[in-house]
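Some notes on the structure that comes next.
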Amino acid sequence: MALGGKTIWRNIAEGGKRPFLVAPGKTWSYTELSRAIRQWLALFDKSDLRSGDFYVICTADEFLLCSGFIAGLLDGRVPVVLSADTPLPRLLAVSDAVSARLLVHDGSIPIAGPGKDVAQAPLAGVEDQPARKGLFSRFGKGGEKILPALPVTDEHREPALPDDPEGLAYVLFTSGTTSSPTGVKITRGNLYANCETLVRLFGYDANSRIFNDMVLAHADGMIQGPVLAAVAGGAVVRSGGFELSRLEQWLERVRETRSTHVITVPTIWAMVDSYAAHDDYFDAPECTSLQSVAAKLPEELWQRLETRFSRPIASHYGLTETVASALYAGPHAEMGERGTLGKPIDCEARIDPEASVEGELQLRGPNIFPGYWQNDERTAASFTDDGWLRTGDIARLRKDGSYEILGRLKNIIMSGGFLIRPDEIDEAMLRHPAVRESVTVPLEDETFGEIAANAVVLQQNITPEELAAHARENLEARKVPRKIMPVAEIPRGISGKPDLKAVVALFSPGAAQEQAASSEAPAEELEEAVVALAADVFRVRLETLGMASGPDTVDGWDSFSQLSLVLEAEARFGIRIPASRIARIEKLGDIRDAVREQLD
């Protein structure tokens, strides 16, 4: 295995003042990364973490997250990264599942109790810390303390740099219920094999600046961002998260930061295509690679993007179980045809041998994970008898060697490149005492591919807005169902199992109109109508909204739900709001004004 911890540590140690993480308003160098990693090593030692022990990081601070993940990778400790909005029950369930020896988080979390042998490193309310302006302020005698919340040590211990390819690099908890969280085990051999492929295909080196603003708690965010940057000795560029109202600033950062590679999901590429005002964001000579990951890039969108921006786009196909990517389509000689999943590179792919022309896509290779954490039954079911990973995707092989996807076997929802398991939503909804039954299904959506829709049977009166608030308290933001509908009963088949097709039909326009007709008709005045639409989309109480309401004041308002609101407004008033106008929407009053402009 040519690539390994020694290569990464050498890049970090020799990186000096070269940028590692470029964030809005702050750039962290490799020197700062090296010092932060040493602080993490001190924390590991203080917390008595041994080789192979687990630790959980749940924080919104991206430098802390990146340095903590890489420190464990280099020192043989196993990181588990969770997004900052992870509900407490899930955080504790994941920590318990891996018997975590250390929990690093943004505040004090009450986990003391019988059998709880977990060290905590809360990043808020830390005792005996000098006053500071922020988490990463510099202070301390004889040097810089890059991360004030972590211990300082005079020792300069080197990371252990284990080279056993079978050892765990990390475990990523993709989804699963709180009672049975699903952890994907990735070995060092898996990780480094996939990184070697990505470096070779896309030409990553010390001059690379990887524009990747995806969630770091997911593989495409962490691995194809900070980890790839450290592997190549380059930099990762972050932009504070995608927001439709900040689209122009988000795109302009590509040129401002001299980014060489731009990586995001098909849904974001679709928003760029629809709402970006200019065509020159990627014109700089150093910007050589545009990439789409996490979901299939529609062929028509692909062609429009390449024509508009005069840059080729590469599309990745992969799963959390393949580290990052396994099949590739695009401009490279080894890649498959545009509009397909692509060809396998440095791994193997096949159609289920028991199928004919079309069948389940199966994968085998050094980047394929060994199994699920403490779930032998699911691991066995995920592999064929001869060792191929069952992807759950139905595909067929084209004559040129490219694979094209036809559908899915797995009961999952892929919304904007984000994987959602319906049973996790159902478990969360059933925690509410008013909910007797819950069934979640995917609905086709032109913008997001699919959205989660939840049908519930109630045993006491409660509004959809209250149900949505409950969902937000128990689920990460992107897993909150876009539609929640109380129903008299769940349609079921002869066996008694929910009839999922019939549940989907409950959300059809005709059914929705019947439900709307049975409820109080919304006020016709424009302002009241916009508020009513927003209350329905965001699932909040009508009286909490006004024309000044925006992302900072409305739970569940993000770029995806904002676009849903715009689409609902267009359908409600029979108009088409110009793309340039949509990109400037920052509050409900902006939507009212945009609708009025089109009605006038």
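Table: residues versus (1) on the phi > 0 side of the Ramachandran plot; (2) of a type outside the set (A, V, I, L, M, F, W, C); (3) surrounded by fewer than 21 Cβ atoms within 10 Å (Cβ to Cβ); (4) at pLDDT below 95.
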position: S29; (1), (2), (3), (4): no, yes, yes, no
position: L33; (1), (2), (3), (4): no, no, no, no
position: F44; (1), (2), (3), (4): no, no, no, yes
position: V78; (1), (2), (3), (4): no, no, no, no
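Within the stretch 545-589, how many residues are in contact with a helix residue (DSSP H, G or I) (Cβ under 8 Å, 6 or more places away or on another chain) and either in the same structural domain as A452 (by TED's automatic domain parsing) or not in a loop (DSSP other than H, G, I, E, B) (or both)?
Looking only at that region, the number is 17.
Would you confirm whether any residue within the stretch 302-310 is in a loop (DSSP other than H, G, I, E, B), without any contact (Cβ under 8 Å) to a residue 40 or more places away in the chain and surrounded by fewer than 17 Cβ atoms within 10 Å (Cβ to Cβ)?
Yes, the stretch 302-310 contains a residue that is in a loop (DSSP other than H, G, I, E, B), without any contact (Cβ under 8 Å) to a residue 40 or more places away in the chain and surrounded by fewer than 17 Cβ atoms within 10 Å (Cβ to Cβ).
Here is a yes/no grid of residues against (1) buried (at least 18 other Cβ atoms within 10 Å of the Cβ); (2) β-branched (V, I, T):
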residue	(1), (2)
I351	yes, yes
S356	no, no
E360	yes, no
F369	yes, no
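Can you name the number of the only condition in (1) out of contact with any Lys or Arg (no Cβ under 6 Å at 6 or more places or on another chain); (2) modelled with pLDDT of 85 or more that I494 fails?
(2)
So which residues in the stretch 44-53 are touching a strand residue (DSSP E or B) at 6+ places or on another chain (Cβ under 6 Å) and either closer than 18 Å to G5 by Cα or part of a helix (DSSP H, G or I) (or both)?
Hits for the stretch 44-53: nothing passes.
Check E444, E404 and return the single one that is surrounded by fewer than 17 Cβ atoms within 10 Å (Cβ to Cβ) and either at pLDDT below 90 or charged (D, E, K, R) (or both).
E444
From W40, W28, grab the single residue that is assigned to a helix (DSSP H, G or I) and among the aromatic types (F, W, Y).
Of W40, W28, the one residue that is assigned to a helix (DSSP H, G or I) and among the aromatic types (F, W, Y) is W40.
One residue is enough: does the stretch 322-337 have a residue meeting the conditions polar (S, T, N, Q) and surrounded by fewer than 23 Cβ atoms within 10 Å (Cβ to Cβ)? Explain how you work it out, then say what you get.
If we filter the stretch 322-337 for residues that are polar (S, T, N, Q), which is where we start, we get 322, 325.
Adding the requirement that they be surrounded by fewer than 23 Cβ atoms within 10 Å (Cβ to Cβ) leaves none.
No, the stretch 322-337 contains no residue that is polar (S, T, N, Q) and surrounded by fewer than 23 Cβ atoms within 10 Å (Cβ to Cβ).
For the stretch 180-199, state whether one or more residues are of a type in the set (D, E, K, R), over 30 Å from L247 (Cα atoms) and buried (at least 22 other Cβ atoms within 10 Å of the Cβ).
Within the stretch 180-199, one or more residues are of a type in the set (D, E, K, R), over 30 Å from L247 (Cα atoms) and buried (at least 22 other Cβ atoms within 10 Å of the Cβ).
Any chance the stretch 223-235 includes a residue that's surrounded by fewer than 24 Cβ atoms within 10 Å (Cβ to Cβ) and over 23 Å from N11 (Cβ atoms)?
There is no residue in the stretch 223-235 that is surrounded by fewer than 24 Cβ atoms within 10 Å (Cβ to Cβ) and over 23 Å from N11 (Cβ atoms).
All but one of (1) within 27 Å of D61 (Cα to Cα); (2) surrounded by fewer than 22 Cβ atoms within 10 Å (Cβ to Cβ); (3) in contact (Cβ under 8 Å) with a residue 12 or more places away in the chain hold for E256; which doesn't?
(3)
Given (1) within 19 Å of T288 (Cβ to Cβ); (2) in contact with a strand residue (DSSP E or B) (Cβ under 9 Å, 6 or more places away or on another chain); (3) not in a loop (DSSP other than H, G, I, E, B), where does Y204 come up short, assuming only one miss?
Looking at each condition in turn, Y204 falls short on (3).
Given the condition over 30 Å from Y403 (Cβ atoms), in a helix (DSSP H, G or I), β-branched (V, I, T) and at pLDDT 90 or above, answer yes or no: does some residue in the stretch 258-277 qualify?
Within the stretch 258-277 (the criterion being over 30 Å from Y403 (Cβ atoms), in a helix (DSSP H, G or I), β-branched (V, I, T) and at pLDDT 90 or above), the answer is no, since none of the residues qualifies.
Using beta carbons and a limit of 9 Å, which pairs, at least six apart or on different chains, have the first residue in the stretch 402-426 and in contact (Cβ under 8 Å) with a residue 60 or more places away in the chain and the second one assigned to a strand (DSSP E or B) and among the basic types (K, R)?
Matching pairs, first to second residue: S402/K343; Y403/K343; Y403/R396; E404/R396; I405/R396; M414/R408.
The values are calculated or read from the model by the stated rules, or taken from the named source; none is laboratory data. A quick note: this is a predicted structure, and the numbers were derived from the prediction, not measured. Note that each Cβ is placed from the backbone with ideal geometry, even for glycine, and that neighbours are counted across all protein chains shown.
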